[in-house]
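The values are calculated or read from the model by the stated rules, or taken from the named source; none is laboratory data. These numbers were taken from a predicted model, which means no experiment stands behind them. So basically every Cβ, Gly included, is an ideal-geometry build from the backbone, and we count neighbours across all protein chains shown. Accessible surface areas use protein heavy atoms only, side chains included; no ligands, DNA or RNA. Shrake-Rupley method; radii C 1.70, N 1.55, O 1.52, S 1.80 Å.
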Number of protein chains: 2
Amino acid sequence: MNQKIKVLVVGYGHVGKQVVTTVHTAPDMELVGVVRRSKNDPQSQVLTAHGIAVYGEDEALPKADVAILAVPTRSVPDYAKRYLAQGICTVDSFDIHTQIATLRHDLMAIAQEHQAVSIISAGWDPGSDSIVRTLMQAMAPEGITYTDFGPGMSMGHSVAARAIAGVRDALSMTLPVGYGQHRRQVYVELEAGANEEQVRQAILADDYFAHDETIVTFVPSVAALEDVGHGVHMMRKGVSGVTHNQRLTFEMQINNPALTAQMMVASARATQRLTPGAYTLPEVPVIDLLVGDRADWIAHLV
Amino acid sequence: MNQKIKVLVVGYGHVGKQVVTTVHTAPDMELVGVVRRSKNDPQSQVLTAHGIAVYGEDEALPKADVAILAVPTRSVPDYAKRYLAQGICTVDSFDIHTQIATLRHDLMAIAQEHQAVSIISAGWDPGSDSIVRTLMQAMAPEGITYTDFGPGMSMGHSVAARAIAGVRDALSMTLPVGYGQHRRQVYVELEAGANEEQVRQAILADDYFAHDETIVTFVPSVAALEDVGHGVHMMRKGVSGVTHNQRLTFEMQINNPALTAQMMVASARATQRLTPGAYTLPEVPVIDLLVGDRADWIAHLV
């Protein structure tokens, strides 16, 4: 094998931790460090004790081929621009679907100017699901694709519920009710003295919940319910050529941060194989996500 | 839209017919003709009556950007080399899995020399299934993928059964029995005077059938059983990073020649977007299979 790909992991939350362990499973990669805002907290000490270098955000960084940005979605554009401007490739899991095209456009020029590659929105949805949706569109150009999520925790909805007055902790489950419709089940742990009915009404009125059927349940401990399993069921019924009723289905039951991290690590590999620019996953040859030579995979995968 | 892609269809069997109608549904393509060995038979007359030009194999051809080779698998290498040598891109649905890597290698040099693109094995398996298998491998690098086919007719097995002495006509169904194992159910119409038991034993001893459970059934008319529906169930259980038990499933129920034709036509489009060389489908960005601009698709598919 050639020289290993030097990987920097930026951020060390749920996804960042999984990215670090996943990079260690990749035979063609070398972890050169983790970048954190708080480089002296206990978690950083554990990393250092395991021989993993931790860097503060303003420190000089080691030589890296690619930075995997395991940071909050809203911070992705700033981080990506900063690393690309240093000629370091980036991978993120930016997940605001309506802003992906804009992010790609903004990063394209910077990436090309600095001879780097950025793969954006490289988790599972957007991410691997986007590849499947695009393939289904190609297989049956006319028709409808339904994407059903869950059961699984929605981070965005959980954060929205936690922001409501009287809520100590909250967890919002996304429950598929079929053909693209979802029910929200919000588990709430109240602050002492908070009023159940007021909290329930505030959640139902919130823009995050106003458009779906929503059930609010009060529980003594939200922490006791946490489970990062998730799922997807995607179905397209459409037309190939002039032939109707072609039925295509993709389904998965997965550990959410583990799959997000795996897709980001695979995409980090692909950054080393593309010409400079910004890409979403359907623009990347799927085979470039795999370790090693194309010809070897073709012989037993195609 | 820019100038339309000029498409030549080579061959006019089950798949070739579907390719012709599918090219007509593609807004960015123009059918410039159909190439046939027998250009004066009734089918050619029907094509001509519909305003579709028919060319014999040795005639001068119209200007074409891409030739879709709807010819028997064993003829694909010769046809592909002939068209590529004229600088015409090619698409085929070559389906002998063990020889795909060799075909790609052989066509690579010719395609590059003549500044053309060849996309090989671009049906559904190999083809769209290969993209899904590759993606599943990337999502869970350790683990096992099971591909179950059917229920549906196997062309290769049907042809093998028809070649046996005493068989007037035969149809071999591939029936999934789960986790990559298949049963063959062979429907046989006998020649007058043929012996059932001798034919049954000859089928069971044939190398095509010797490795799977095979049931032979005698029927008065094989033609009455024909149906080109087919299906696939692909399942991978594997590991993302260090997290086991990730479960990924792809399933479809489809009209076989219609999906083969649609994938070939989509691949013909992609030939116009790649650098010269020979590719299998997992090497092609999935988005390049779609009509129109990447940015438009990214805004609502990713």
B:Val71 vs (1) closer than 19 Å to B:Gln262 by Cα; (2) in contact with a Leu (Cβ under 8 Å, 6 or more places away or on another chain); (3) more than 14 Å from chain A (Cβ to nearest Cβ): all pass except (2)
Turns out the strands (runs of 3 or more DSSP E) fully within the range A:73-189 with at least 3 residues that are in contact with a helix residue (DSSP H, G or I) (Cβ under 7 Å, 6 or more places away or on another chain) and over 20 Å from A:Leu281 (Cα atoms) are A:167-178
Filtering the range A:88-102 down to residues that are out of contact with any strand residue (DSSP E or B) (no Cβ under 6 Å at 6 or more places or on another chain) and within 23 Å of A:Ala64 (Cα to Cα) yields A:Phe94
Within the range A:255-284, restricting to residues that are open to solvent by less than 10 Å² (accessible area, probe 1.4 Å) and not in a helix (DSSP H, G or I), the one that is nearest to the other protein chains (Cβ to nearest Cβ) is A:Thr280
Reported set for the range B:110-142 where residues are open to solvent by 20 Å² or more (accessible area, probe 1.4 Å), in contact with a strand residue (DSSP E or B) (Cβ under 6 Å, 6 or more places away or on another chain) and assigned by the TED database to the domain that holds B:Asp95 is B:Gln112
A:Val54 passes all but one of the listed conditions (1) within 24 Å of the chain's Cα centre (by Cα); (2) free of Cβ contacts under 8 Å to residues at least 24 places away in the same chain; (3) over 27 Å from A:Val291 (Cα atoms); the exception is number (3)
Counting only residues in the range A:190-218 that are in a loop (DSSP other than H, G, I, E, B) and aliphatic (A, V, I, L, M), the one least open to solvent (accessible area, probe 1.4 Å) is identified as A:Ala194
Going through the range A:168-189 in order, the residues found to be among the hydrophobic types (A, V, I, L, M, F, W, C) and crowded, with 20+ Cβ neighbours inside 10 Å are A:Ala170, A:Leu171, A:Met173, A:Val186, A:Val188
Those residues of the range B:19-34 which are within 8 Å of chain A (Cβ to nearest Cβ) and open to solvent by 40 Å² or more (accessible area, probe 1.4 Å) amount to B:Thr21, B:Thr25
Cβ pairs under 7 Å, 6+ apart or interchain, first in the range A:128-149 and at the interface with chain B (Cβ under 9 Å from one of its Cβ atoms), second surrounded by 24 or more Cβ atoms within 10 Å (Cβ to Cβ) and of a type in the set (Gly, Ala, Ser), ordered by first then second residue, are A:Leu135/B:Ser128; A:Ala138/B:Ala266; A:Met139/A:Ser240; A:Met139/B:Ser128; A:Ala140/A:Ser240
Residue hits (the range B:219-245; assigned to a loop (DSSP other than H, G, I, E, B) and touching a residue at least 12 places away in the same chain (Cβ under 8 Å)) are B:Val219, B:Pro220, B:Ser221, B:Val222, B:Glu226, B:Asp227, B:Val228
Picked from the range B:285-302 (must be within 7 Å of another protein chain (Cβ to nearest Cβ) and surrounded by fewer than 18 Cβ atoms within 10 Å (Cβ to Cβ)), the residue farthest from A:Arg133 (Cα to Cα) is B:Ala295
**Request:** For the range B:220-238, state whether one or more residues are within 24 Å of the chain's Cα centre (by Cα), at the interface with another protein chain (Cβ under 10 Å from one of its Cβ atoms), open to solvent by 10 Å² or more (accessible area, probe 1.4 Å) and closer than 15 Å to A:Leu135 by Cα.
**Result:** no
